[in-house]
Amino acid sequence: MTTFIIIRGNSGSGKTTLAQALHDQCDNSFLISQDIVRRQMLQVDDHAGNLAINLMAELIEFGRLHVDIVILEGILRQDVYQEMLQSALKKFDVVIPVYYDLTLPETINRHRTKQFVSFTESDVAKWYRKKDYLGVSNEIIFNQTTTLKQAIATIMQRINHQ
């Protein structure tokens with residue numbers, strides 16, 4: 001039985017840090033980063049129908065067949081990725097959807113702490129989506145007061161109680 005963890009939220013919210021920490025902590029896990037697939041591997045814009053959507057779906061399926069835990073992280077805008085995500089959700093027995101719900105000022109503050117970025121605060125503001133939830137019943141919502149340690153503990157508790 002494979003667990004599917006989806007970590008979504010605006011740029012700079014802590015998704016990648018949480019996903020990497022979970023990947024490091026969980027044996028036999030597979031981490032898929034939207035930024036790596038979309039921006040580095042394929043170099044495509046984030047719009048409906050972009051090639052990254054199909055590649056991420058294929059990678060999710062690969063993970064479902066070969067590992068215990070698949071972790072997908074990225075902004076994963078609901079208007080662009082919802083169909084692919086909903087399809088993937090149906091294939092897993094255990095799904096842990098996570099959304100970082102931060103204010104725009106907090107998102108920009110966190111962006112400022114990044115060492116290597118190829119985009120500006122204006123880009124972060126332009127990309128910002130308020131409360132872009134998936135709308136599934138068990139979605140975990142983290143806010144700006146949630147620490148990395150708390151986020152890891154919350155998700156690990158769900159993994160261990162499946």
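The values are calculated or read from the model by the stated rules, or taken from the named source; none is laboratory data. Since the model is a prediction, treat every value here as computed from it, not as a measurement. Here the Cβ is made from the backbone with ideal geometry for all residues, glycine too, and neighbour counts use every protein chain on show. Areas reflect the complete protein model, heavy atoms only, side chains present, ligands, DNA and RNA absent. Shrake-Rupley method; radii C 1.70, N 1.55, O 1.52, S 1.80 Å.
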Heavy-atom accessible area per residue, the range 115-160, 1.4 Å probe: how many Å²?
69 Å²
Expressed as a rounded percentage, what relative contact order does the chain have, with Cα pairs under 8 Å and six or more residues apart?
34 percent
Among I32, I75, N160 - extreme Cα towards positive end, dipole of the chain, charges at beta-carbon:
I75
Whenever you get a sec, compute what percent of the accessible area on the range 3-115 sits on carbon and sulfur atoms (1.4 Å probe).
47 percent
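Expressed in nm to one decimal, what extension gain is obtained for the pair K130 and R112 from 0.36 nm per residue of sequence separation less their Cα-Cα distance? Before the final figure, lay out the partial values.
Numbers: separation 18, 0.36 × 18 = 6.48 nm, distance 1.95 nm.
Result for the pair: 4.5 nm of gain on full extension.
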Order by protection proxy (mean Cβ within 10 Å, highest first), peptides 63-74, 140-151, 111-122, 6-17:
6-17, 63-74, 140-151, 111-122
To the nearest 20 Debye, how big is the dipole of the range 27-136 about its Cα centre, given +1 on the beta carbon of each Lys and Arg and -1 on that of each Asp and Glu?
280 debye
Take M1, M156 and sort them by solvent-accessible surface of the protein heavy atoms, 1.4 Å probe, largest at the top.
M1, M156
Could you give the semi-axes, largest first, of the ellipsoid that matches the range 36-149, computed as the square roots of 5 times the alpha carbon gyration tensor eigenvalues and rounded to whole Å?
24, 19, 14
So what are the ³J(HN,Hα) numbers for the range 57-64, from phi and the Karplus equation (6.51, -1.76, 1.60; θ = phi - 60°), rounded to whole Hz, Gly and Pro as x?
4, 5, 5, 4, 5, 4, x, 4
Between E58 and T17, how many nm apart are label points set 7 Å from Cα along the C-beta direction?
3.4 nm
When all Cα-Cα pair distances of the range 7-91 are considered, the percent exceeding 15 Å is 57 percent
Potential extension, D27-E83 segment - 0.36 nm per residue separation minus Cα distance
17.3 nm
